[in-house]
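The values are calculated or read from the model by the stated rules, or taken from the named source; none is laboratory data. From a predicted model like this one, the values you see are computed outputs, not experimental measurements. Note that each Cβ is placed from the backbone with ideal geometry, even for glycine, and that neighbours are counted across all protein chains shown. Only protein heavy atoms, including side chains, enter the accessible area calculation; ligands, DNA and RNA are left aside. Shrake-Rupley method; radii C 1.70, N 1.55, O 1.52, S 1.80 Å.
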Amino acid sequence: MPSRGTSHRGCRGAEALIEVRDAGVVYGAGGEAPIQALNRVNMTLNPGEFVALVGPNGSGKSTLGLLLCGLLLPTSGEVRVDGHATTDPAGRAAVRRLTGIVFQNPDNQLFASTVEDEVAFGPENLGLPPEETVARVEEALGRLGLRELRHAPPHRLAAGQKQRVALAAALALRPRYLVLDEPTALLDPAGREEVRAAIAGLRGEGIGLVLVTHAMEEAVLADRVVVLAGGQVALEGSPREVFARTAELRGVRLEPPLAARLADALRARGVSVPSGVLDLKELTAHLCRSR
Ligand SMILES: Nc1ncnc2c1ncn2[C@@H]1O[C@H](COP(=O)(O)OP(=O)(O)OP(=O)(O)O)[C@@H](O)[C@H]1O
Ligand SMILES: [Mg+2]
């Protein structure tokens with residue numbers, strides 16, 4: 001990513017990171033039976049870090065994603081983006097500039113008549129000089145492999161291509177933090193691979209990435225995994241640490257990755273397998289060595 005301007009600096013002296021402190025969210029406080037979607041959640045996200053957010057349905061993942069971007073405000077506790085509290089009206093513009101989000105369904109996020117216009121929409125609305133908008137659009141299209149589709153109408157594209165356009169549009173705003181809420185959930189296997197590769201390509205770019213996912217094979221690629229259950233952080237650590245705790249994962253209705261399940265089954269039969277095996281390649285390599 002190109003260097004960032006001074007506009008990305010947070011409050012004076014504030015470190016660049018998102019901090020969620022004791023955050024709670026209650027939905028439906030006005031009338032309907034209130035739902036405590038998040039309860040005393042603590043979490044940090046550094047620029048350049050890749051965090052997978054996993055948990056069973058209704059555990060609060062999307063709610064936390066919205067909190068991180070300031071699109072939803074905590075009912076209790078606080079969320080700070082580079083020092084700006086999301087509840088502080090004076091910091092709202094900075095929070096919007098620093099964060100981005102891509103949702104599950106690309107059809108809900110695309111509205112322009114060409115891919116190029118779609119990607120240009122955000123930078124144009126920031127009031128950037130036209131040459132800066134053009135540069136950002138070119139870069140985002142290039143990074144997502146979309147240059148050849150620039151004149152195509154987004155609604156005519158395949159689902160994986162649409163999701164890449166949504167990612168390009170988010171990146172053209174040059175966020176420091178980007179939340180991806182199940183971006184591959186509605187895609188066919190080919191589209192899913194396309195978008196996973198695009199996400200993998202964002203590593204090392206200095207962007208703090210939060211990937212909400214039900215796919216454990218996506219979560220193992222992250223630097224850190226945060227497991228939500230019942231609106232609280234149930235487990236947190238490196239993929240190796242978290243996915244070795246298979247009993248605790250099952251306790252919150254999460255199926256560990258296939259390699260971890262196989263390793264458990266082998267251990268139950270007396271085969272020695274190290275803890276924290278993440279994929280089948282690793283497991284096979286260990287078994288071959290120990291024969
Ligand atoms: N806008 C809303 N109004 C009322 N309740 C909501 C709203 N959004 C979410 N909830 C409730 O808050 C809880 C957490 O929902 P959330 O969508 O954050 O979970 P999730 O982990 O993203 O689930 P999923 O895996 O199904 O996407 C659930 O009980 C859900 O029904
Ligand atoms: Mg969700």
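Rounded to the nearest 10 square angstrom, E124 shows an accessible area of 110 square angstrom against a 1.4 Å probe. With a Förster radius of 51 Å, plug the Cβ-Cβ distance of N108 and S290 into 1/(1 + (r/R0)^6) and report the FRET value to the nearest 0.05. The computed FRET efficiency comes out at 0.55.
The stretch between E282 and A197 holds 28.5 nm of extra length on full extension. This uses 0.36 nm per residue minus the Cα-Cα distance. Within segment 6-239, antiparallel bridges make up roughly 55 percent of the DSSP beta bridges whose residues both belong there. Under 1.5 on a/c is rounded, so check that first for segment 2-145, then, if it is not, pick prolate when a/b is larger than b/c and oblate when it is not; a ≥ b ≥ c are the square roots of the alpha carbon gyration tensor eigenvalues. The shape class here is prolate.
For segment 6-239, the fraction of C-alpha pairs farther apart than 22 angstrom is 52 percent. Helix 159-171 and the long axis of the chain differ in direction by around 60°, with both axes built from C-alpha atoms. Which of the three applies to segment 160-251, rounded, prolate or oblate, going by the alpha-carbon gyration tensor with a ≥ b ≥ c and a/c under 1.5 meaning rounded? Because a/c hits 1.5 or more and a/b exceeds b/c, segment 160-251 counts as prolate. Averaging the Cα positions of each part gives two centres, and for segment 197-248 and segment 59-138 these lie 22 Å apart. Helix-only arithmetic for the chain: the sum of -39500 (n - 2.57) across DSSP H runs with n ≥ 4, divided by the residue total, places the mean residue ellipticity at 222 nm at -10000 deg cm²/dmol. For D264, the accessible area of its heavy atoms, probed at 1.4 Å with every protein chain present, is near 40 square angstrom. Taking each residue as 0.36 nm, the span from H151 to R253 lengthens on full extension beyond its C-alpha to C-alpha distance by 32.2 nm.
Taking all Cα pairs closer than 8 Å and separated by 6 or more residues, the relative contact order of the chain comes to 21 percent.
Does segment 105-221 classify as rounded, prolate or oblate by the C-alpha gyration tensor (a ≥ b ≥ c root eigenvalues; a/c under 1.5 gives rounded; else a/b over b/c gives prolate, otherwise oblate)? The shape class here is oblate.
Taking the C-alpha atoms only, the angle from helix 130-143 to the longest principal axis of the chain is near 20 degrees. Surface composition of segment 6-239: carbon plus sulfur atoms hold 51% of the accessible area, using a 1.4 angstrom probe and ignoring ligands, DNA and RNA.
Ranking of Y27, Y177 by solvent-accessible surface, largest first: Y27, Y177 (1.4 Å probe, protein heavy atoms only, all chains present). Would you mind checking the tilt of helix 189-200 against the longest principal axis of the Cα atoms of the chain, expressed as 0 to 90 degrees and rounded to 10? With both axes taken from Cα atoms, the answer is about 70 degrees. A simple spin-label model places the labels of T44 and A215 3.0 nm from each other, with each point 7 Å out along Cα-to-Cβ.
Gain on full extension, evaluated as 0.36 nm per residue between D22 and L126 minus their Cα-Cα distance, stands at 34.2 nm.
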